[in-house]
Amino acid sequence: MGTQKLILPFGDEPLIRRTVREVCSAGFDDVLVVVGHEHEKVLAALDGLPVRHTVNTAFASGMGTSFRSAVSGLESEAALFALGDQPFVTATEYRRVLDAYRATSPPIVSVRYGEITAPPHLFVRELFPELAQLEHGARPVLQRHADRAIVLQFPADLLMDIDTPDDYERARTRLSSG
């Protein structure tokens, strides 16, 4: 995008703050944020939120490095993995993932938006070593363990991530139109 998208203004706060604030409001015991590119600016945007962070110095090598950074800093029995650029997923949806896990403790709670599987996803500790081996997204782990996963259906219109300037403008327009 030419700029650090996570610190772009979204409503009255930076995009990353909106996302992390929603995760924090969902009731998780601990929130670990993996930061990479321009991490100082991203951390400044999170100032005051009840989170821990880890810096992924290898961020340019792909999403797999963020999984490795995350699992090395986790002590919990399970962890939710969310993206910082999905501004329309709210505490309600994050809480649904957490509640599904707490109800039956499946190895994976994954999410589908219509026909598309996308984050957030929750994985138990037994799968952390597999997550640490990923090069890109979690799809290989989700596929290998599909028979052990609970899949939640979220509204398709919640699936909007911001990867381009056009995505950002569409999201801002959607936000301002209520």
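Listed values, structure above:
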| item | result |
| --- | --- |
| Segment 43-68, residues that are in contact with a helix residue (DSSP H, G or I) (Cβ under 9 Å, 6 or more places away or on another chain) and closer than 22 Å to residue 93 by Cβ | 45, 46, 49, 50, 51, 66, 67 |
| Selection count, segment 68-86, where residues are hydroxyl-bearing (Ser, Thr, Tyr) and in contact (Cβ under 8 Å) with a residue 60 or more places away in the chain | 1 |
| Residue that is of a type in the set (A, V, I, L, M) and in a loop (DSSP other than H, G, I, E, B), where the choices are 134, 152, 127 | 134 |
| Of residues in segment 45-58 being in contact (Cβ under 8 Å) with a residue 24 or more places away in the chain and touching a strand residue (DSSP E or B) at 6+ places or on another chain (Cβ under 9 Å), the one surrounded by the most Cβ atoms within 10 Å (Cβ to Cβ) | 46 |
| Every residue from segment 49-73 that is in contact with an Asp or Glu (Cβ under 8 Å, 6 or more places away or on another chain) and either among the polar types (S, T, N, Q) or more than 15 Å from residue 134 (Cα to Cα) (or both) | 52 |
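Here, each number is a calculation from the coordinates, and none is a lab measurement. Since the model is a prediction, treat every value here as computed from it, not as a measurement. Note that we place each Cβ from the backbone using ideal geometry, even for glycine, and neighbour counts take in every protein chain shown.
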